[in-house]
1. Any residue in region 229-249 that is over 18 Å from F145 (Cα atoms), open to solvent by 60 Å² or more (accessible area, probe 1.4 Å), modelled with pLDDT under 65 and not hydrophobic (A, V, I, L, M, F, W, C)?
2. Of everything in region 31-40, what is surrounded by fewer than 17 Cβ atoms within 10 Å (Cβ to Cβ) and within 16 Å of I156 (Cβ to Cβ)? Give them in sequence order.
3. Is it the case that F150 is open to solvent by less than 10 Å² (accessible area, probe 1.4 Å) and in contact (Cβ under 8 Å) with a residue 40 or more places away in the chain?
4. For region 66-144, which fully contained strands (runs of 3 or more DSSP E) count at least 2 residues that are open to solvent by 20 Å² or more (accessible area, probe 1.4 Å), of a type outside the set (V, I, T) and farther than 17 Å from R229 by Cα?
5. Does V56 satisfy being β-branched (V, I, T) and in a helix (DSSP H, G or I)?
6. Sort out which residues of region 89-111 are more than 17 Å from R68 (Cα to Cα) and within 18 Å of the chain's Cα centre (by Cα), and write them in order of number.
7. Just to verify a result, which residue in region 1-24, among those that are surrounded by 13 or more Cβ atoms within 10 Å (Cβ to Cβ) and aromatic (F, W, Y), is nearest to A143 (Cα to Cα)?
8. Being part of a helix (DSSP H, G or I), in contact (Cβ under 8 Å) with a residue 12 or more places away in the chain and touching a Gly at 6+ places or on another chain (Cβ under 9 Å), is that true of even one residue in region 17-27?
Amino acid sequence: MIRLPGILKIFAVFLIDFWAVYALFHNIAVAAGVVGVIALYVWLGGYFALFRDGAVRSKKLPDYECSRLETAKCQLAEEVKSISSVDISRLKLYLITADPDMQATAYGANSVSVSRGAFDNADPITLNAILGHEISHILHLDAEFNRAVFATIFLICGAVSVVSFAAMAVIFLVFLVCSFFRSWLGVMAFKGTTRAVGGIFSLLQKGVVVIYRSFAGCLNRAAEFRADRYSAQLGYGVQLAHFLSYAAPETSRQLTFTEVLYRTHPPAPKRVARLEKFVSKETHPIKR
């Protein structure tokens, strides 16, 4: 189920992490250890997110809910096989029983969840459309890549904090030496310099976060449009566009950590417009 581009983009992030840590510590073992920890987070992070969201595996659900999800999986397996020559038999489906919103999430590790709201309000064909979208994310390792990039940004911000703490410690030592000689210059230098240094490092951290959000936003938008197109290629473009038109939340709210990492989407009207444009050009018959 893994496509080469997905592996390559994650491997590229690991290389950047290794180079950054090695440049900082000049120690291959330390660099390899840090990258190893990040790799574990990339690999296992999806399971932690599923546990945190209260996701229930399809096989543990009541018969009706289990049958509905497994039927959708079997139908999609044939269609994905015919279009992409990919076997998705290892795909694991989950239901987030306590989530009333209409959404679905690809966590990586061949795991996709559907919220209670989407499950209850989507007909079988629309459910296939939703899952087809998420399958594209699974095939391209989008969730794993998002975790890898997030870990890299966390590493950079942590390194900036360490350097900032070290700079503050040096300034404090200078202050102590100047105070020992009863110099008011030391007190003035300590207050002014710490504020300046703290402000610089705080600004640097905020700049890193802004760059990350811009970078991740561009990548996520591209991934969402690609996943929409893939669902349309499976024959579910009309159903997915209809679902997006009524599933989008009416009011904006603060996103949770899981939503920032796994569910950052472009505006629904743009996605619907692109889907309609693609469907109008697509010769593949649309399922009704």
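1. Checking region 229-249: at least one residue is over 18 Å from F145 (Cα atoms), open to solvent by 60 Å² or more (accessible area, probe 1.4 Å), modelled with pLDDT under 65 and not hydrophobic (A, V, I, L, M, F, W, C).
2. The one that is surrounded by fewer than 17 Cβ atoms within 10 Å (Cβ to Cβ) and within 16 Å of I156 (Cβ to Cβ): V37.
3. Judged against the criteria, F150 is not a match.
4. Result: 92-96.
5. no
6. T105, A106, Y107, G108, A109, N110
7. Ranking the qualifying residues of region 1-24, first place goes to F14.
8. yes
The values are calculated or read from the model by the stated rules, or taken from the named source; none is laboratory data. Computed from a prediction, not measured in an experiment: that's the story for all the values here. A quick note on method: Cβ atoms are made from the backbone with ideal geometry, for glycine too, and the neighbour counts reach across all protein chains shown. Just so you know, the surface numbers come from the protein's heavy atoms only, side chains and all, with ligands and any DNA or RNA stripped out. Shrake-Rupley method; radii C 1.70, N 1.55, O 1.52, S 1.80 Å.
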